[in-house]
Amino acid sequence: KLKLMSSTSKNVGIPLKLIHQAEKHQISVKLKDGKLLIGELMNSEDNWNLCLKKVIIKEKENKSSKSMLYFVRGNQITFIIIPEILKYSPLFYELRLKMTKNIPSGLGIVGRSGAANSIIKSTQWK
């Protein structure tokens, strides 16, 4: 059985979570060798490996070809263009809620012991 939606953990960053949410959507991927891939994202992995289906491959010399499946290794990606509809993703709603709190960014998770906790206590941000 093919697993289409990847599981995201709490430790991955925002761009990776956004790529996971872009599964089953049409995306464009620019590769280091200059190729532009346009296709439906079937699966994504935490190391940015992507599996695309119904892909149009555009090369530097204005050549195009089509492929039913295309696997992209994560370290070959220059950038990814995702659908604009994902700006309404629940991921960004959660971020907006976190940003409205009076907790300075970059200090880690409140309540944990360590440097972040001592900074918060010393500056009295709670």
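FYI, it's all coordinate maths here, none of it is from the lab. Owing to the predicted nature of the structure, the values given are computational and were not obtained by experimental measurement. Here the Cβ is made from the backbone with ideal geometry for all residues, glycine too, and neighbour counts use every protein chain on show.
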* Can you run phi through the Karplus equation (6.51, -1.76, 1.60; θ = phi - 60°) for segment 87-96 and list ³J(HN,Hα) in whole Hz, with x for Gly and Pro? -> 5, 9, 5, x, 4, 6, 5, 5, 5, 4
* Asked: Which peptide among 22-35, 57-70 comes first, and what is the full order, when sorted by highest mean count of other Cβ atoms within 10 Å?
  -> 22-35, 57-70
* Environment charge at Met68 (Cβ cut-off 9 Å; Lys +1, Arg +1, Asp -1, Glu -1) -> +3
* Phi-based couplings in Hz for segment 42-56 (Karplus 6.51, -1.76, 1.60; Gly and Pro marked x) -> 7, 8, 9, 10, 5, 9, 6, 5, 10, 10, 10, 10, 6, 9, 9
* Under a 5 Å amide H to amide H cut-off, with H placed in plane at 1.01 Å, what residues pair with Asn49 once short-range neighbours are removed? -> Gly74
* **Cα-Cα over 23 Å, subset of Lys30/Lys66; Lys32/Lys60; Lys24/Lys58; Lys17/Lys98; Lys32/Lys53; Lys63/Lys87** => Lys63/Lys87
